[in-house]
Each structure stands twice: as C-alpha cells, then as structure tokens.
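A short worksheet on the structure shown next.
Please treat every number below as a calculation from the coordinates, not as lab data. Worth saying up front: this structure is predicted, and the values here are computed from it rather than measured. Note that each Cβ is placed from the backbone with ideal geometry, even for glycine, and that neighbours are counted across all protein chains shown.
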Amino acid sequence: MGLLEAHAALAGRKAIVVGGAHGIGRAISLALADAGIAVAACDFDEEAASAIGAEVEAHGVECIAAHADVRDEAALERFFDRVEAEFETVDFLINVAGGVKSDLFTETTREQNASEIRLNYGYILDAVRRAVPMIRKGGRGGSIISFTTIEAHRGAASYSVYAGAKAATTNFSKALAVELAQEGIRVNLIAPDTTPSRTSFASASPEFMEKYLALPEEARAAGMSMYIPQKHPPSQEDLANAVLMLVSDLTRSITGITLHVDGGTMASAGFIDWPLDHKWGPAPGVETLAKLFAADGPPAA
Ligand SMILES: NC(=O)c1ccc[n+]([C@@H]2O[C@H](COP(=O)([O-])OP(=O)(O)OC[C@H]3O[C@@H](n4cnc5c(N)ncnc54)[C@H](O)[C@@H]3O)[C@@H](O)[C@H]2O)c1
C-alpha cells in the first residue's frame, strides 16, 4: 500500500479524541478531519469544546463535541454514551489529555497524587473500556493511541507521580497491544517532550515562567538548541502527523510501541550541546566550566 492510498483509506473512518479541542488535541482533531475522519472530541476547556465542532465540520466531516473533564468519571461516561448513541462504531481512540504540576514528591498531597494518576493513567482505562466494544462492532480493526512523555523513561525529578502514571500507561498499552493483536486492534503510544502548549507551560511554577518569558527570544531558542538534537521543538502539527501515521495502514504491523516525537531528546538521553565547548556531553566541558567559575567566582545563583 502506498502513502496516498493509505491516506485516502482513512476517509469515512471515525475517531474519538479525548482532550481534542485545544492545542495539541485540536491539531490532532483537525488533522483527522482533514483526512476525512469523523471526530468525537471532549475537552475540559469549555470555550474550546464549543468551538471545535464547527472547525471540524468545516472539513466536511461529522463532529461530536462535548465539555468533559476526564478526572470526572461520570462526565467521561456521559461523553462515551453520546458517542455510542450517535456514532455506534468507531475506528480510532486517541487519548491526548494529560498534565502535571512540577513539585517534589514530599511536598505533594494524596489528593494531588490521586488527581494526577487519574489524569495520566486512570481515565485511559475507562476510555479504552468504552472504546474497544465500539471498535469491535465496526468489524474492521482499529487503532488506540495514548500520549505519554519522555518522563516515563527517565528519573524525572519533581515529576515523579506523573512519570509513574505515564509509565503505567505505557506498560498497560503494551499488554493491551498483545491482548488485542489478533483482532487487528493496534495499541501504541506517542511520547513528546518540548512541544509548546498551554499545559506544558502550566506545569512549571509561575515564578519560573515569569522569568523565562522575560528572557529575549534568542535566549529561549538557544536553550532549546542546546537540549534538542534537531535544534528546535516539534510543533503541535508534528504530533498530529505522528497520529495520522499511526492510525493509517502504513503502520498496520506496528503495535505496542512508543513513538518518541521529540527532535532527538530521548536518543540524546541527557547529553547537552554545550555552546562554549561546541561538543555534546552529559556534563559541561572545560570552556563552560571556566566561564562559570572564572577568577572572580561563580555567577550568583
Ligand atoms: N507539550 C509537550 O511537549 C508534552 C511533553 C510531554 C508529554 N506531553 C503529553 O502530551 C499530551 C498533550 O500535551 P499537552 O497537555 O502539553 O497539550 P495541550 O495543552 O494542548 O492539551 C491537550 C488537550 O487536553 C485537554 N485537557 C487537559 N486536561 C484535561 C482534562 N482534565 N480533561 C479533559 N481535557 C483536558 C486540553 O484542554 C487540550 O485540549 C498530554 O498527555 C501530555 O502529558 C506533552
């Protein structure tokens, strides 16, 4: 099957996008609609949830749009009841909603932990439980994609509960991929890292964000360039394209994998392109150290 045939074969399919009205989720809903796929999107952003319907329908496909916070079990159930009543069958489930607030574990509360586990793992179980019977009913297989993070693959200090919940989503999805493989239902994960979004900015402390946004544009870009091998963060559309690839038959033999859409940060695994040293390494080189610890002492913290 060629690229154009695989793209054309997506027309007439139906997808559920959980967290599908704003930012990365919106980019995914619109990319699916552009490929001729009907979309059911829910989101906790009420304004975005009421706008996405018309935006998707402008691509000539049907859209169910609903306001629902995935942390509210009843609201998520009501959304799936509606999708089942109106779509009857679906082909794809994309779990985009997720998020974190940076905090050392010992400074968090049980309530915060429970909320983060629900947002990054718990709701995915409920969404899969509801979507699989609808995919089975369609009788043509399907694809489930959940968003995780690079933090599920490293010791992400100050993101520990999030990292644990996303790692749980990762291993749950791998096990599910094996359980559903014979039915032609594929289960995969997408792990971003630095794509700008409202949620990723909200994960940092307000004090950090205030200072970060006050930096000149070049300084922020230089920071990204030191960290990301491709030198710039993947866009929201890059993530939507990865979803399109994973739902298409071009990847019909791919199941149980994590696709790292991160410009190479997972591969570099902590190596930084130290600008004064012009070399990649996990620790600063001599030129950087000499600058940091010049004769007049290290810069004030
Ligand atoms: N932005 C990044 O670089 C990055 C990095 C690592 C992991 N991720 C993961 O990718 C996914 C999307 O990234 P993002 O969150 O930065 O994108 P985003 O801010 O664009 O959010 C995606 C959508 O989810 C919705 N959403 C958030 N919380 C929700 C809730 N409780 N109920 C319903 N809808 C909700 C948002 O309104 C938005 O429409 C998340 O699962 C996130 O953990 C993103």
Cut-off 15 Å between beta-carbons: net charge of the residues surrounding A214, Lys and Arg +1, Asp and Glu -1: -2
Around L76: net Lys/Arg minus Asp/Glu count, Cβ-Cβ under 9 Å: -2
Relative contact order of the range 173-235, pairs being alpha-carbon contacts under 8 Å that are 6 or more residues apart, as %: 28 percent
Cα gyration tensor shape for the range 112-155, rounded if a/c is under 1.5, else prolate or oblate: oblate
Span-rule helices in the chain, defined as complete DSSP H runs reaching 15 Å or more along the axis (Cα) with Kyte mean at least -1.0: 23-34, 46-57, 73-87, 123-138, 160-180, 217-227, 236-247
Candidate lysines for bridging to K174, where Cα separation is under 29 Å - those fewer than 8 sequence places away on the same chain excluded: K14, K101, K137, K166
Relative contact order of the chain, defined on C-alpha pairs under 8 angstrom at six or more residues apart (%): 17 percent
Mean Cβ neighbour count within 10 Å, used as a protection proxy, ranking 114-122, 252-260, 207-215 highest first: 114-122, 252-260, 207-215
Inter-centroid distance (Cα atoms) of the range 76-99 relative to the range 166-211, Å: 18 Å
Relative contact order (%) - the range 1-137, alpha-carbon pairs under 8 angstrom, separation at least six: 24 percent
Anchor K211: aspartates and glutamates whose Cα lies under 20 Å away (excluding residues fewer than 8 positions away in-chain): D103
Positive-pole candidate from G138, H59, S203, dipole of the chain, charges at beta carbon: G138
